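> Pasting a structure here, questions to come.
The values are calculated or read from the model by the stated rules, or taken from the named source; none is laboratory data. Worth saying up front: this structure is predicted, and the values here are computed from it rather than measured. As a convention, Cβ positions derive from the backbone with ideal geometry for all residues, glycine included, and neighbour counts pool all protein chains shown. Each accessible area value is taken on the protein alone, full model and side chains, heavy atoms only, with ligands, DNA and RNA left out. Shrake-Rupley method; radii C 1.70, N 1.55, O 1.52, S 1.80 Å.
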Amino acid sequence: MHEIDPLIAEFEHEKFRPREAEALQTLRKVASLVKPIMRQRGWKVGILTEFWPPEKNLLGLNWNRGQKICLRLRYPYDERQFIPLEEVVDTMLHELCHIVHGPHDEPFHTLWNQLRTEHEQLLRKGYTGEGFLSTGHKLGGARIPMHEARRQARLAAEKRKALTAGSGQKLGGTGVRRGEDIRKVIADAAQRRITVTQGCASGTDRGRGIVEETNKSGFRTKAENDDENDEAIMLAYIDLIEEEEREKYGDAYVPTSSENPAGSQGAVSRPSKPSTSSDAPRIPTSTKPRPTPPLVDLTRSAPPSSDGSWTCDICTLVNPSTYLCCDACSTERPTPPSSPKLRPSSRQAQTPANKNNPLTNKKSAIDNLKIIEKAAAAKPKGPMGWLCHNCGNWMESEWWTCASCGSMKLTS
């Protein structure tokens, strides 16, 4: 059977740490899950390696635009315990974005969002890695025709869709459990994004030291070539993703390619308009300061730009001047530094201050939230739940439909 050069040439793990065979298998699994995303864009990685740096906040590194990508597989306080696979894959997607973009600016986060979306679509359609379908059986034997690969991939997607129908799960995720605070779910997702961004050593002076350390302690394993069956299944799932993207964006659909890695999402986030030198935001050459042991802080505030855009102190995204909160992590816009007060002119001194000016009496978001919560606590509490008139199942008051039979409750 004809073989194809692998998208990731070599794996490198730390042989003398506990469970070293499992570390190598984890690297292979991560590579397998992201290969359709890499194949669409023509990306290649030289070495995918495990690292366990002394800086406990570091999670990943992309050295020289894909020459080597380092991932933390183990918890910083216990080298015997592995980080969940989905978190390692999310870090891998982040580091793949550095093949195209250096700083953590708006184009970087747009591309990261697109890679996350495509990965979730692959999971929802039953893709569990190259050479596998939803049943988990290894493909082998004669070459699979492309039409058969598409049929099997679509069958796996339909089966996965039927299994998760009505479960409330999002694209291969676990969904929001009954009674769980949706605000906490959103906050946890934003915090995860911040943690990965701050734990990225790409573009820092520490990166060179990490690469040298992994070269000394790592044990390399040459990756096997991809066979035609793996390639056919991978292309079939890519076709399913592109089909879903066409339905989502309609006439605005832009295919993903090496020239446009963010696809339609990149085109939507950057509307076409004549650009001039006066309205072009200034992008800092580096969004990360020089690291100081034992922790590496990779974020800092960018200098104010001439067009009024501002940089988020948490995730370093450059936001337009009209945004009151960060578009990536929803952090409230920081208060600009106060300018020196000018002495009022004689005419201004004679004009009385307007005490009813809404701009001077505007309350902060925290104060408004406290007022809303206080008003909600003062309202009389209703019943904790209700019984379904159809099947008798008990449901909490916040749910309008029965989880067992789908009937809607009779009273609000």
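> Structure shown: which of Lys68/Lys248; Lys68/Lys125; Lys125/Lys248 lie over 28 Å apart, alpha-carbon to alpha-carbon?
Working: Lys68/Lys248 35 Å; Lys68/Lys125 30 Å; Lys125/Lys248 16 Å.
Among Lys68/Lys248; Lys68/Lys125; Lys125/Lys248, the Cα-Cα distance tops 28 Å for Lys68/Lys248; Lys68/Lys125.
> Based on the Cβ-Cβ distance of Arg65 and Phe219, what FRET efficiency does E = 1/(1 + (r/R0)^6) give at R0 = 30 Å, to the nearest 0.05? The partial results should precede the final answer.
Working: r = 24 Å, r/R0 = 0.81.
Plugging the Cβ-Cβ distance into 1/(1 + (r/R0)^6) gives 0.80.
> Using packing as a proxy for protection, rank 252-262, 189-199, 68-78 so that the peptide with the highest average count of other Cβ atoms within 10 Å comes first. Show your work: numbers first, answer last.
Numbers: 252-262: 14.8, 189-199: 17.5, 68-78: 19.2.
Averaged packing, sorted descending, gives the order 68-78, 189-199, 252-262.
> From the phi of every residue in region 314-320, what ³J(HN,Hα) in whole Hz does the Karplus formula 6.51 cos²θ - 1.76 cosθ + 1.60 yield, where θ is phi - 60° and glycine or proline is x?
For region 314-320, the Karplus curve yields 8, 10, 6, 6, 7, 9, x Hz.
> Continuing with the same structure: Just read off the accessible area of His119 with the full protein assembly in place, 1.4 Å probe, to the nearest 10 Å².
30 Å²
> Probe radius 1.4 Å, ligands and nucleic acids ignored: give me the carbon and sulfur share of the accessible area of region 193-265 as a rounded percent.
Working: 1560 of 3380 Å².
Carbon-and-sulfur percentage of accessible area, whole number: 46.
> For region 1-118, what class follows from the C-alpha gyration tensor (a ≥ b ≥ c being the square roots of its eigenvalues): rounded when a/c is under 1.5, otherwise prolate if a/b is larger than b/c, else oblate? Before the final figure, lay out the partial values.
On the way: a/c = 1.85, a/b = 1.22, b/c = 1.52.
Oblate, because a/c is 1.5 or more while a/b does not exceed b/c.
> Let me ask something else. For region 1-131, which whole percent of the accessible surface, found with a 1.4 angstrom probe, sits on carbon and sulfur atoms?
Details: 2330 of 4640 Å².
Carbon and sulfur: 50 percent of the exposed surface of region 1-131.
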